[in-house]
1. Loop sites only, by DSSP: take the trypsin sites (Lys or Arg not before Pro) in the chain that have at most 15 other C-beta atoms within 10 Å and name the longest stretch containing none of them.
2. With a 1.4 Å probe and every protein chain kept in, tell me what percent of the accessible surface of region 21-176 is carbon plus sulfur.
3. Starting from the residue with the highest accessible area, list ASP123, ASP93 in decreasing order, probe 1.4 Å.
4. Compute the angle between helix 23-37 and the longest alpha-carbon principal axis of the chain, please, reported from 0 to 90 degrees and rounded to the nearest 10.
5. Can you give me the Kirkwood hydrodynamic radius for region 19-86, using every pair of distinct Cα atoms, in Å to one decimal?
6. Grab the DSSP H runs of the chain that are 4 residues or longer, score each as -39,500 (n - 2.57), total them, divide by all residues and round the 222 nm result to the nearest 500 deg cm²/dmol.
7. Out of residues 5 or more away from LEU136 or on other chains, whose amide H comes under 5 Å of its own, with H placed 1.01 Å from N in the peptide plane?
8. In degrees between 0 and 90, to the nearest 10, how far off the longest principal axis of the chain does helix 88-103 point, with axes built from Cα atoms?
Amino acid sequence: MAEIATIARPYAEALFKAAGSEAVATSAWLDELAVVASNDQLRQFADNPKSTAEQVYGVVTGVLKTALPTMGQNFLRTVIENGRLAALPEIADQFRALKNAQLGSFDAVVHSAFDMDQAALADLQGVLEKRFGRKLTLKVRLDPELIGGVRVVVGDEVLDTSVKARLEQMKVALTA
């Protein structure tokens with residue numbers, strides 16, 4: 001994995017410098033590109049010697065929900081022409097880290113058993129920012145195995161208030 005990170009770093013840094021004050025908007029379309037690029041069938045198509053860079057570009061842009069700005073189009077063409085489509089998810093991760101460092105915020109992944117509405121998410125964000133002592137950008141992932149509650153991951157810190165975790169604690173207490 002270190003090789004992908006090494007390949008992705010110059011792309012992420014160059015894009016971050018080019019984005020300037022538009023880092024938040026750039027992060028949005030870059031995250032969408034990363035999701036598309038993580039598709040195995042797309043990568044097989046891109047790695048096929050019979051596929052041209054223009055064909056791969058057409059497939060990727062055809063799948064996107066929103067149109068890419070000019071900078072995004074140029075960036076995607078450069079990544080495809082250099083055969084770095086597989087590195088796009090890592091480029092997006094590194095770009096996000098640079099953006100967060102500039103904004104003074106951190107990514108937090110909230111694993112929840114159920115879908116959360118915006119009001120509940122805003123309340124949770126306030127509580128988590130107090131708990132972790134920093135500004136957080138929340139990303140919600142559904143995880144039905146939790147039964148209820150949430151599990152929050154911020155960097156290497158984990159806050160687990162899920163029903164599953166409480167049941168595990170009870171199991172350990174009862175078998176000890």
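1. Working: sites that count: LYS50, LYS65, ARG134.
Value returned for the longest uninterrupted segment is 66-133.
2. Answer for region 21-176 is 54 percent, counting heavy atoms of protein chains only.
3. Order by accessible area, largest first: ASP123, ASP93.
4. Helix 23-37 and the main axis of the chain meet at about 80 degrees.
5. Mean inverse Cα-Cα distance, inverted, gives 12.2 Å.
6. -19500 deg cm²/dmol
7. HN-HN under 5 Å from LEU136: PHE106.
8. The helix 88-103 is inclined about 60 degrees to the chain.
The values are calculated or read from the model by the stated rules, or taken from the named source; none is laboratory data. Keep in mind the model is a prediction, meaning the values are calculated, not measured. Ideal geometry is used to build each Cβ from the backbone, glycine not excepted, and the neighbour counts take in all protein chains shown. These accessible areas exclude ligands, DNA and RNA; they are computed on the full protein's heavy atoms, side chains included. Shrake-Rupley method; radii C 1.70, N 1.55, O 1.52, S 1.80 Å.
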